[in-house]
Amino acid sequence: MKKTIAWFFVILFSALYAFASYGDFEKTIDFRNKSNSVFGSDKYKFGDLFGISYYPMIKQDLSKTKRTFPVENPKTNKKINLCLAHDSYLGKDFLASKKQINSVDTIYDLEYPWFRGRANAPVNLDTSKTNVLVFEIVERNLFRLDKKAALNIVNIAAANEILALNPEIKLKPVKKKSKIKQFKEIIFNTRINKNLEFLLFDLRLFTPFKELKSYINHTFFNRLPPEVFISENQKQEYISDVKTSIEDKLTVSETEKTVALLNEIHDFYKSKGFDKVYFSIVPNPVAIIKPEALRYNGLIPMIQNSPNLRMPMIDIYTDFKKCDADLYFFSDTHWNFNGFTLWINKFNATLNADLSSD
Amino acid sequence: MIFNSLQFLVFFIVITILYFQLPHKFRWLLLLLGSCYFYMAFVPIYIVILGFTIVIDYFAGILLEDSQGKKRKMYLIMSLVANISVLAVFKYYNFINFNISEIYHAFGSDTPFPYLKILLPIGLSFHTFQAMSYTIEVYRGNQKAERHFGIYSLYVMFYPQLVAGPIERPQNLIHQFHEKHDFDYGRFKSGLMLMAFGLFKKVVIADRLAMMVDYSYENSSTLGGSTLLVATVFYAFQIYCDFSGYSEIAIGAARVMGFDLMENFRAPYFSASISEFWKRWHISLSTWFKDYLYIPLGGNRTSVSRWYFNLMVIFLVSGLWHGANWTFIIWGFLHGSYLIFAILKDKFLQKINWKFPKSHLNTFIDIVLTFSLVVFAWIFFRAENVQQAFTVIGKIFDFSSYNAITLGLNAGEIWFSVMLIVLLSLKEKYYSRIFTNTNVAFYSQLLLIVVLCYLFGVYSEKQFIYFQF
């Protein structure tokens with residue numbers, strides 16, 4: 001009997017180790033995110049910042065938040081072929097309900113390379129429609145967007161004249177790793193501790209313990225994980241992103257580099273056949289909520305007000321500043337449905353105005 | 001693979017259970033494969049360096065045993081040169097080259113030697129010294145040459161003590177690999193308890209203190225002397241908890257499987273003299289130097305000046321063993337000086353026929369004085385360079401720079417750290433063994449430590465300090 005139990009544990013822990021080294025995590029994540037039991041995930045249910053800090057005093061169930069504003073959708077009579085590069089998970093909602101977006105006929109969902117690291121699906125540019133390319137990016141990721149990433153994000157591969165004219169746009173095929181390298185990466189998986197932590201402890205069963213630890217650390221030691229900090233009124237968590245939000249003063253030459261990049265992106269995609277190219281920076285919460293107290297460095301207004309900027313902007317920063325409603329989740333880095341709806345309305349209005357005037 | 005990781009927890013459970021399930025004849029293989037994997041989890045390619053020293057010393061041991069006279073000495077020298085060469089290339093080459101280049105710069109030219117772009121293999125000094133002790137002991141006839149290549153490899157690579165000791169002697173360890181260890185519940189409990197305490201020292205005390213020490217030393221040019229003084233005292237406990245915590249996990253992990261590793265620390269900050277400190281701090285290294293360098297140099301059975309010379313050599317080499325940096329050499333020099341000064345002081349007192357009366361107060365004063373000297377030397381050990389060390393010392397002795405203590409964390413964290421240090425000292429002084437006779441006592445204490453480690457532990461994937469050596 002003892003032997004059987006011993007072998008059972010050997011097999012169990014070996015399997016756990018093997019799975020952490022080379023497991024299909026997508027299925028596990030899906031299962032845990034869907035589960036409402038104690039075996040469900042607690043990492044993102046209450047927001048990504050809660051999943052980092054587990055600070056129990058700021059905890060918002062994202063699935064229970066609701067929209068306040070109606071979607072305003074004045075449709076143009078032109079059919080739109082929309083390519084949307086985005087880094088908002090609400091973008092999925094955007095894509096799923098294309099009826100709420102102007103006269104969009106086709107949508108291409110483009111991801112930034114830091115999410116998946118693989119080429120996006122090919123895009124067919126349709127000359128019978130208005131081809132619109134929109135870059136929606138959160139402020140904290142702006143500095144991650146370099147020229148190479150920006151100019152490769154759209155994989156134009158239609159069997160039409162545009163492709164014939166621009167064959168160089170095609171992404172290079174990803175180089176396959178050697179078998180030895182693959183084997184080494186599995187055996188000596190550098191993410192194994194994170195994977196084991198996910199498999200063993202990303203369960204709602206353990207949420208109270210994580211909250212207790214976080215509460216003790218914050219109450220007695222005024223300490224939370226370095227990625228997170230909390231507003232003075234204890235109602236909002238922020239991501240501590242020094243470069244794009246707080247403390248770090250930006251110089252004009254730094255922001256002008258970004259302006260030059262945006263201009264280059266605009267000119268490049270216009271030359272490749274897009275009728276309209278837009279850029280939209282979604283402000284970090286610190287840019288909108290108490291920017292003075294948190295020493296917001298003013299990245300978005302510096303870019304948007306630059307006299308050298310040629311890239312048309314969907315300016316959500318100004319609208320957010322004017323709005324009194326809560327636009328962000330309390331325990332998450334992202335906007336909530338209010339913020340998202342404001343963005344759609346702004347997008348629709350911008351597109352409507354531009355296409356009507358053409 | 002670091003001890004304070006989930007990876008190690010799963011690894012340890014699998015290896016330990018498998019160890020007791022396998023027939024004795026296969027156990028060495030399991031431990032060897034496990035140890036290889038443990039080491040390769042850091043940087044896989046460095047197993048080649050380890051393999052090189054293992055092969056050299058394995059054959060050196062056999063040749064030493066099978067030969068006589070001058071040949072024996074030659075084989076020993078060859079083996080030592082091979083081991084020291086590995087250390088020289090990976091650990092000291094760039095340091096020596098840097099110092100040579102400084103001399104060249106002084107004469108207005110560049111160094112003719114290129115710098116090597118290599119990372120220091122983890123725990124290189126530890127396993128090299130352990131390998132060297134094997135050939136020396138075979139040469140001295142205290143240990144039979146190990147003919148089983150797997151067992152010899154395991155002696156160098158045994159995973160609990162592979163990267164940060166204790167540096168074992170072959171007489172203590174090799175025979176244990178040949179012996180069959182049955183599962184012993186008592187050993188299991190005491191080993192597990194030792195591991196839990198080691199983990200507590202590392203994640204609750206050492207890594208908490210590290211946050212404050214790192215902040216203070218990184219900002220040493222702007223902070224006041226009072227802050228730097230507290231940070232340096234905290235560093236004394238950080239390095240102690242870090243290293244003794246590692247040793248306890250290593251000794252505990254080995255004990256669970258039935259192996260006895262040597263003790264490495266014995267409440268060193270309660271030492272009443274520097275010589276006592278070195279009998280209690282990193283025992284496996286200090287005895288290594290005593291057995292293989294100090295005594296062969298003549299020890300104290302020689303002229304007085306030669307004795308002082310021997311002492312200084314030991315500590316300078318010990319400093320250099322810790323790292324290729326002048327800060328470590330100065331640290332060693334300070335400890336050598338302390339010892340020589342203590343001998344001179346004793347001689348002087350003897351001459352004037354003066355004896356300090358034995359009392360608790362005098363012992364306490366001696367402990368405080370010894371601790372202060374050790375803490376002072378730690379400044380060099382912690383500093384990034386000599387300049388930083390002198391900046392810290394200058395500020396500590398400049399009382400006008402004293403102001404409110406700002407260690408980068410709030411007062412609650414600082415006082416909590418002080419409380420942990422006091423509790424640790426009480427535990428080290430008065431409870432060398434924790435009562436674990438009954439299952440209830442054992443499991444409740446184990447659970448308590450695990451819960452405390454979780455609630456108050458600082459998890460930053462910080463490696464153990466001694467891994468760099």
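The values are calculated or read from the model by the stated rules, or taken from the named source; none is laboratory data. Computed from a predicted model, the values in this text were never measured in an experiment. Cβ sites come from the backbone with ideal geometry, for glycine too, and all protein chains shown count toward neighbours.
Criterion first (closer than 21 Å to B:GLY299 by Cβ, surrounded by 10 or more Cβ atoms within 10 Å (Cβ to Cβ) and among the aliphatic types (A, V, I, L, M)) does B:ILE343 satisfy it? Working first, answer last.
Working: closer than 21 Å to B:GLY299 by Cβ: yes; surrounded by 10 or more Cβ atoms within 10 Å (Cβ to Cβ): yes; among the aliphatic types (A, V, I, L, M): yes.
Judged against the criteria, B:ILE343 is a match.
Take the residues in the stretch A:175-190 that are more than 10 Å from chain B (Cβ to nearest Cβ) and assigned to a loop (DSSP other than H, G, I, E, B); name whichever of them is modelled with the lowest pLDDT. Give the derivation first.
Restricting attention to the stretch A:175-190, the residues satisfying the condition of being more than 10 Å from chain B (Cβ to nearest Cβ) are A:175-183, A:185-186.
Next, from what is left, pick out any that are assigned to a loop (DSSP other than H, G, I, E, B): A:175-178.
Values: A:LYS175: 63, A:LYS176: 70, A:LYS177: 74, A:SER178: 80.
So, considering only residues that are more than 10 Å from chain B (Cβ to nearest Cβ) and assigned to a loop (DSSP other than H, G, I, E, B), the one modelled with the lowest pLDDT is A:LYS175.
Checking each residue in the stretch A:39-66 for being more than 15 Å from A:LEU224 (Cα to Cα), in contact with a helix residue (DSSP H, G or I) (Cβ under 8 Å, 6 or more places away or on another chain) and among the hydroxyl-bearing types (Ser, Thr, Tyr) picks out A:SER41, A:TYR44, A:THR65. Selection of the stretch A:13-42 for residues being away from chain B (no Cβ under 14 Å) and assigned to a loop (DSSP other than H, G, I, E, B) yields A:ASP24, A:SER35, A:ASN36, A:SER37, A:VAL38, A:PHE39, A:GLY40, A:SER41, A:ASP42.
When the stretch B:282-299 is filtered for residues that are closer than 30 Å to B:GLN161 by Cβ and not in a helix (DSSP H, G or I), the ones remaining, listed by number, are B:HIS282, B:ILE295, B:PRO296, B:LEU297, B:GLY299.
Listed by first and then second residue, the pairs linking a residue in the stretch A:216-233 that is within 22 Å of A:ASN284 (Cβ to Cβ) and more than 9 Å from chain B (Cβ to nearest Cβ) to a residue that is part of a helix (DSSP H, G or I) and of a type in the set (Val, Ile, Thr), with Cβ atoms under 9 Å apart and 6 or more places separating them unless they lie on different chains, are A:LEU224/A:ILE52; A:PRO225/A:ILE52; A:GLU227/A:ILE52; A:VAL228/A:ILE52.
Only one entry in B:MET40, B:MET74, B:MET78 is within 14 Å of another protein chain (Cβ to nearest Cβ) and surrounded by fewer than 20 Cβ atoms within 10 Å (Cβ to Cβ), namely B:MET40.
Restricting to helices (runs of 4 or more DSSP H) lying wholly in the stretch A:264-354: which have 1 or more residues that are within 16 Å of A:ILE137 (Cα to Cα) and in contact (Cβ under 8 Å) with a residue 40 or more places away in the chain? Give the steps one after another, and end with the answer.
Working: elements: A:285-288, A:299-304, A:316-322.
Filter on the stretch A:264-354 gives A:285-288, A:299-304.
Screening the stretch B:1-108 for helices (runs of 4 or more DSSP H) wholly inside it with 3 or more residues that are within 29 Å of B:PRO160 (Cα to Cα) returns the ranges B:6-21, B:24-40, B:47-66, B:69-87. Only a single criterion out of (1) within 22 Å of B:TYR246 (Cα to Cα); (2) in contact with a Lys or Arg (Cβ under 8 Å, 6 or more places away or on another chain); (3) at the interface with another protein chain (Cβ under 9 Å from one of its Cβ atoms) is not satisfied by B:GLN21, namely (1). Contact annotation: no residue pair with Cβ atoms under 8 Å, 6 or more positions apart or on different chains, pairs a residue in the stretch B:378-397 that is over 14 Å from B:THR227 (Cβ atoms) and at pLDDT 90 or above with a partner that is among the charged types (D, E, K, R) and not in a helix (DSSP H, G or I).
Looking only at the stretch B:379-420, which residues are assigned to a helix (DSSP H, G or I), more than 14 Å from chain A (Cβ to nearest Cβ) and surrounded by fewer than 20 Cβ atoms within 10 Å (Cβ to Cβ)?
The first filter runs over the stretch B:379-420 and keeps only residues assigned to a helix (DSSP H, G or I), leaving B:379-382, B:386-396, B:399-401, B:411-420.
So of that shortlist, the ones also more than 14 Å from chain A (Cβ to nearest Cβ) come out as B:379-382, B:386-396, B:399-401.
The answer is B:VAL386, B:GLN387, B:GLN388, B:PHE390, B:THR391, B:ILE393, B:GLY394, B:PHE399, B:SER400, B:SER401.
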